[in-house]
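Contents: one structure, followed by commentary.
The values are calculated or read from the model by the stated rules, or taken from the named source; none is laboratory data. Predicted model only: the values in this text are computed from it and were never measured. All Cβ positions, even for glycine, are placed from backbone atoms using ideal geometry, and neighbour counts span all protein chains on display. All accessible areas refer to the heavy atoms of the entire protein, side chains included, with ligands and DNA or RNA removed. Shrake-Rupley method; radii C 1.70, N 1.55, O 1.52, S 1.80 Å.
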Amino acid sequence: MAKISLYLVTLLLGNRLPGPVSAPLPQPVPMVISAQLNYEEQRLMDLANTERISQGLQPLRVNQTLVRVARAHSREMYEKSYFDHYSPTPGFRTPKDRYLRELGRIPAWACIGENLFYSSVNDPDLGNRCLMDSPAHAQNILGRQFEQIGVGVFEAPDGRFWVTQMFLSQMD
């Protein structure tokens, strides 16, 4: 049986929305195909967009900067043996720090959210179900304030599976 840990921090500069209503979902349809996403990242993005569409929301667009930041955070959690939104690495402590460092500038306004998932097995569908079963995580996936997504997966040699989902709305 997979060990599952979920943890969430949402860094928002805007309003928080009420939690989602759970409902069975149809098979996900890829919304954005990106050769730069691996299978697990693409699957998690497709599942998030299927959840959004089922609630009458617009799908999220892939943001490659968010993908790079999410991948780096998932890998760092493995390499430094922690599971948290807050990194022990100076200058990369918070999701906001990591995003702004990778972006290389400060936008006029940004709303950033982050979901984390860990499992002892590689299973994007399980990850999505667990995230959607958590009101705070589902709030990020279904957040009307978000327009973009980046998903970063790291699979350890022993099969353990770290996922970072990042969400963004930004005005430059």
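Overview of values
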{"read-out": "Hey, N140 of a type in the set (S, T, N, Q), surrounded by 19 or more Cβ atoms within 10 Å (Cβ to Cβ) and touching a Leu at 6+ places or on another chain (Cβ under 6 Å) or not", "value": "no"}
{"read-out": "Evaluation of K96 against (1) under 13 Å from G113 (Cβ atoms); (2) assigned to a loop (DSSP other than H, G, I, E, B) (one fails), failing number", "value": "(2)"}
{"read-out": "Selection within region 79-99 - open to solvent by 40 Å² or more (accessible area, probe 1.4 Å) and in contact with a strand residue (DSSP E or B) (Cβ under 8 Å, 6 or more places away or on another chain)", "value": "F83, D84, Y86, K96"}
{"read-out": "Pair list, Cβ < 8 Å and 6+ apart or interchain, from region 107-131 residues that are over 21 Å from P95 (Cβ atoms) and free of Cβ contacts under 8 Å to residues at least 12 places away in the same chain to residues that are part of a loop (DSSP other than H, G, I, E, B) and among the acidic types (D, E)", "value": "none"}
{"read-out": "Failed condition for V163, given (1) surrounded by fewer than 24 Cβ atoms within 10 Å (Cβ to Cβ); (2) part of a strand (DSSP E or B)", "value": "(1)"}
{"read-out": "From L66, L47, residue being closer than 17 Å to P124 by Cα, open to solvent by less than 20 Å² (accessible area, probe 1.4 Å), at pLDDT 50 or above and not small (G, A, S)", "value": "L47"}
